[in-house]
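One structure is given below, encoded as structure tokens.
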Amino acid sequence: MEFIRDAEIENTIRVYADPLFAQAGVEPSAVKIHLVKDSQLNAFVAEGLNLFLNTGLIQRTDHAGQLIGVIAHETGHIAGGHLVKGRDAMENAQTTGIAAMILGMAAAIGGRRGDLGSAVMMGGQDMAMRSYMAFSRSVEGAADTAGLSFLDNLHQSSRGFLEFMQLLGDQELMASARQDPYARTHPLTRDRIDEIRHHVEESPWSDVPVPPQYVEPHRRMRAKLIAFMEPPMTTLFRYKEDDKSIEARYARSIAYYRQPDLGHALPLIDGLIAERPTDPYFHELKGQMLFENGRPKEAIPEYKLSVKYLPDNALLREELGQVLVESEDDTKLADAKEQLTVATQREPEEAGAWRLLAIAYGRSGDEIMAAASLAEYALLVGRYDEAIFNANKALKGLKKGTPTEIRMQDIRTQAEQGREMMKKNRGR
């Protein structure tokens, strides 16, 4: 899987999802949201409270209510403990399949008939798959019920979720190879759709419109993904020049910038900034346009404004830190270190920020802190020998008992354990 990071999209999803996580009894900050760069329609949760959303899913939702419905359903899986139960069901299915394979081999050897052995194995594997799919259908219904109750508790309509499920229902007519992953991994039945429809008919909140503050962010998010993922000409055809909406001008500015045609792109983003001067994402986009077209000094003020208007966002601070580092102006290194230090404190698992911080310290002549930052980076990307080397290098110059010294000790231990685990896995 390939992942993307985008402050605006991540924050929009977070606004939609956090109330649902709270309804599920889960601390919202404990759930990590991941954007998968994939045009196919899919979403899923995985161990460690991780929600994965394909960019294709977001692009194909017509309004925020549909996307919120999907997130409510996935939150239902979290609330129901389906991750653990699903692993157990899969293990049981695998056990059934393995047992069938052993029996099939015994039948083939004992009876000297390969066709009999194959039949036993195929029958056992079919039984295993049926067992797992029966479990999957049951938890999908439970997740629907939970998600619908979360929406009711929030006084939000579940009509968008029904619309989404009806879209999936159309895919049942397709060959499985042409279906989107969501349709294959979330078994769909007429009963499920009927239950959701019945809920919509009975719920007092079904006719409540999508909260007004959710509408524009969805349109912008969708337009942004289309503009970055589709060919520029496709975007310009979809968002025509006579469409003066915020999202259309946003999409066209991105499409022109990707051509690249800053002569058309910059006036569009400048117009949006003139209307929304405190919007951090418009300043971020203008900074990106300038930076990626070899104008880092002009990009810095735009990134600074994006951070000013959204100071708690680690990704925006990392982007500003990168532009400051790559401006090759040593007078800006102190600011770069400040921005990147805040970014790593807020998102300590973001490897790229640690790498940039190491560069900033290295260019400042602080080899000890450069080594400490490289140790963090190497551990996160699984380069255990490099992590150990840099942790040891940093430890030689750090005062004993300081937080950074203690952290380097921890990194060295974790890297040694990771290296041993890799050796064991290779030996299998």
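Numbers below:
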{"read-out": "Formal net charge of residues neighbouring residue 233 (Cβ-Cβ distance under 15 Å; K, R +1; D, E -1)", "value": "+1"}
{"read-out": "Cα-Cα pairs of region 242-311 separated by more than 16 Å (percent)", "value": "42 percent"}
{"read-out": "Contour excess over end-to-end distance, with Cα ends at residue 241 and residue 399 and 0.36 nm allotted per residue", "value": "50.7 nm"}
{"read-out": "Taking all pairs of distinct alpha-carbon atoms in region 279-370, Kirkwood radius in angstrom", "value": "12.8 Å"}
{"read-out": "Computed lengthening from residue 276 to residue 4, 0.36 nm per intervening residue step minus Cα-Cα distance", "value": "95.4 nm"}
{"read-out": "Cα-projected label distance for residue 153 with residue 346, points at 7 Å along beta-carbon direction, nm", "value": "2.9 nm"}
{"read-out": "Projected label distance in nm at residue 262 and residue 205, using a 7 Å step from Cα toward the beta-carbon", "value": "4.8 nm"}
{"read-out": "Neighbourhood charge, 13 Å Cβ-Cβ cut-off, centred on residue 26 and excluding it, Lys, Arg +1 and Asp, Glu -1", "value": "-2"}
{"read-out": "For residue 40, distant residues with modelled amide H under 5 Å away", "value": "56"}
{"read-out": "Cut-off 10 Å between beta-carbons: net charge of the residues surrounding residue 6, Lys and Arg +1, Asp and Glu -1", "value": "-1"}
{"read-out": "In order through region 262-279: 3J(HN,Hα) via Karplus (6.51 cos²θ - 1.76 cosθ + 1.60), integer Hz, x for Gly, Pro", "value": "5, x, 9, 5, 5, x, 5, 6, 5, x, 5, 5, 4, 7, 10, x, 9, 7"}
{"read-out": "Listed residue pairs exceeding 32 Å between alpha carbons, taken from 332/393; 337/424; 37/286; 396/424", "value": "337/424"}
{"read-out": "Relative packing of peptides 372-385, 63-76, 41-54 - highest average C-beta neighbours within 10 Å first", "value": "63-76, 372-385, 41-54"}
{"read-out": "Separation of alpha-carbon centers, region 299-350 and region 4-70, rounded to whole Å", "value": "25 Å"}
{"read-out": "For a label point 7 Å along the Cα-to-beta-carbon line of residue 425, residues of region 361-386 with backbone N under 15 Å", "value": "379-385"}
{"read-out": "Note, ³J(HN,Hα) from phi for region 290-299, Karplus 6.51, -1.76, 1.60, rounded to Hz, x at Gly and Pro", "value": "5, 4, 6, 10, x, 10, x, 5, 6, 6"}
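Taken together, the values in this text are just the output of simple stated rules run on the coordinates, not laboratory data. Please read all numbers here as calculations on a predicted model, not as lab measurements. Positions of Cβ are generated from backbone atoms using ideal geometry, with glycine treated the same way; all protein chains shown enter the neighbour counts.
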